[in-house]
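Notes for the one structure printed next.
The values are calculated or read from the model by the stated rules, or taken from the named source; none is laboratory data. It should be emphasised that the depicted structure is a prediction, and the values quoted were computed from it without experimental measurement. For neighbour counting, all protein chains shown are included, and Cβ atoms are generated from backbone atoms with ideal geometry for every residue, glycine included. The protein model used for the area step is the full one, side chains on, heavy atoms only, and it has no ligands, DNA or RNA in it. Shrake-Rupley method; radii C 1.70, N 1.55, O 1.52, S 1.80 Å.
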Amino acid sequence: EPLDPPEVLEPVDPNWPVSVFGTEIEKAPKKVAVFSPSLAEYIFDMGLNEKIVAVPDYCGFSGASSYPTVGSVRLPDMEAVKEASPEYILSFTEFEESILIEFQQMNVNVIKIEAPMNLEELRALYKNLALFFKGSVDGVSEGEAYVAKYDSELSSLSYSGEQKTAAFIRALDYMMITGGTMEQELLSAAGIKNAAETYSGYTFPEESWKDFDPEAI
């Protein structure tokens, strides 16, 4: 009798599965949609946008305009999501339960990621994004290389000259960069004196406007 042909085994990819963002990723993601503009910018800056099939509204950075948009967390464009047919959706913000159910019915995995609140958390985010897109081996090396590059560029911001006092408006109604934030760490590294650094929570008290005297806004 003829012998059965030998079983052909698929080569094992050491990168997968990988556990990241509290989720087990069984194989390399092929199609990913992003619903937070700042998260999309982090991904593009890292050069990990090869698998991105859609971005949210209000992405103003270079390169984003060539991608389809899928609305926002509060008002997702479901038809656009269906058209993009992502395997995964990444977001800094939680979706409403009814929206999550619709995504589930589309067989889309939604991963809610914690937004970084300081530079250490930002470095961790970079490493985890590399793990998500590249896996447990290539992702580690790529994430560490990117963080090393980021730290090198950050150190080049060091400034020992005369400090200028500035206020950085984040939104209307007294919302601005305050102390205890990731942005404050970046301003300090750049040698900029933040006029609102003694406050917190991105809010400048209305009653303190009379004492507010930055050199620039």
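Brief remarks follow.
- Whether the range 107-217 is rounded, prolate or oblate, judged on the alpha carbon gyration tensor where a/c under 1.5 counts as rounded: oblate
- Put simply, the amide H of ILE25, placed in the peptide plane, has neighbours under 5 Å in VAL18, SER19, VAL20, leaving out anything fewer than 5 places away on its chain.
- Only Lys, Arg (+1) and Asp, Glu (-1) charged, at Cβ; the chain dipole about Cα centre in debye: 420 debye
- Cα gyration tensor category, rounded, prolate or oblate, for the range 52-117 with a/c compared to 1.5: oblate
- Positive minus negative residues near MET182 (Lys, Arg vs Asp, Glu; Cβ under 10 Å): -4
- Carbon and sulfur %, accessible surface of the chain computed with the full protein complex present, 1.4 Å: 51 percent
- Karplus 3J(HN,Hα) series, Hz, for the range 140-146 with 6.51 cos²θ - 1.76 cosθ + 1.60 (x for Gly, Pro): 4, 5, 5, x, 5, 5, 5
- Lys pairs, the chain - Cα-Cα below 15 angstrom, 8 or more residues apart or on other chains: 10
- Considering only SER65, ALA145, VAL81, and ranking their Cα positions along the charge dipole of the chain that arises from unit charges at the beta-carbon of Lys, Arg, Asp and Glu, the one farthest toward the positive end is SER65.
- Hz values of 3J(HN,Hα) by residue in the range 64-79 - Karplus curve (6.51, -1.76, 1.60), Gly and Pro given as x: 6, 5, 8, 9, x, 9, 10, x, 10, 4, 6, 10, x, 8, 5, 5
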